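In what follows, a single structure is set out as structure tokens and then discussed.
The values are calculated or read from the model by the stated rules, or taken from the named source; none is laboratory data. Because the structure is predicted, anything quoted here is derived from the model rather than measured. A quick note on method: Cβ atoms are made from the backbone with ideal geometry, for glycine too, and the neighbour counts reach across all protein chains shown. Surface accessibility is based on the protein's heavy atoms, side chains included, excluding ligands, DNA and RNA. Shrake-Rupley method; radii C 1.70, N 1.55, O 1.52, S 1.80 Å.
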Amino acid sequence: ALFWQQQNYYGVDLTPLHGSAFQGYFSQPVVDAFDPRLLVAPAISHEINFTSIKEEDLYEIDVPLKFIASVGVRIHGLACWFDVLFDGSTVKRWLTTAPGVPTTHWYQLRCVLSQPLYVMPGQEITGRLYMIAHNAQSYTIHLTMSTKMWGPGADQGGILQSSSCKLDLKEPYYRMSQPQPYSIAQEQPTHHIISTQDIQIHSQDEGSDLLRQPPRNSDGCLSWRH
């Protein structure tokens with residue numbers, strides 16, 4: 001948005017447009033493949049069963065957020081991706097769009113806050129990801145993230161800082177590079193990565209258990225650092 005702060009761009013003062021441009025930039029979710037080492041907290045997941053859910057249940061999707069920061073850092077937003085279980089009659093196959101695995105057509109999504117949050121290791125991050133369907137066959141995203149009190153007196157509760165944004169999922173900013181995964185350093189934790197896998201069904205009972213249980217290390221949404 002710094003471009004719109006120029007007072008003399010070939011004789012034109014662009015500063016009156018800065019506010020609108022700033023709002024426009026932060027209304028676009030970012031689509032790209034990012035380094036998973038940017039993630040600063042273990043993933044949470046929101047499960048949707050498309051074999052039983054009703055269409056009207058998808059008009060509004062409300063995901064409560066709760067993370068524990070693993071490092072002290074600035075948090076610039078929320079990173080999102082999805083995993084899908086293809087429930088075959090003899091094989092169950094997972095497709096993951098997580099960071100750090102071979103990049104797919106969908107890449108990953110980042111919802112950027114205009115005001116970052118500052119956290120310390122072990123500090124709790126709460127919030128809400130609220131998605132409302134609109135006529136363009138997509139969603140308006142309302143994201144709020146807050147940090148709770150940390151350190152002495154934290155047991156008294158209370159919100160230390162909060163940031164929110166509104167984004168249009170139909171109008172993302174495509175920041176895609178070459179479709180190659182970022183490698184994960186051996187010393188980095190892999191709690192947020194799920195490997196694509198085939199699960200053989202040996203019995204009807206075993207298959208039912210696999211359907212009821214979410215995948216280990218299933219990915220949902222994470223905070224990330226810059």
Filtered residue count, segment 105-138, keeping only those that are under 29 Å from SER20 (Cβ atoms) and either surrounded by fewer than 20 Cβ atoms within 10 Å (Cβ to Cβ) or not aromatic (Phe, Trp, Tyr) (or both): 23
Positions within segment 95-139 being within 18 Å of VAL84 (Cβ to Cβ), touching a strand residue (DSSP E or B) at 6+ places or on another chain (Cβ under 8 Å) and of a type in the set (A, V, I, L, M), in sequence order: LEU95, ALA98, LEU109, MET131
Residue that is farthest from LEU143 (Cα to Cα), among those in segment 37-66 that are open to solvent by less than 50 Å² (accessible area, probe 1.4 Å) and in a strand (DSSP E or B): LEU39
Complete set of residues in segment 67-83 that are small (Gly, Ala, Ser) and either surrounded by 15 or more Cβ atoms within 10 Å (Cβ to Cβ) or in contact with a Leu (Cβ under 7 Å, 6 or more places away or on another chain) (or both): ALA69, SER70, GLY77, ALA79
Count of segment 1-36 residues which are polar (S, T, N, Q) and open to solvent by less than 80 Å² (accessible area, probe 1.4 Å): 4
Verdict on VAL91 being open to solvent by 20 Å² or more (accessible area, probe 1.4 Å), touching an Asp or Glu at 6+ places or on another chain (Cβ under 6 Å) and more than 16 Å from SER146 (Cα to Cα): yes
Residue match in segment 94-106 (condition: within 20 Å of LEU167 (Cα to Cα) and modelled with pLDDT under 95): yes
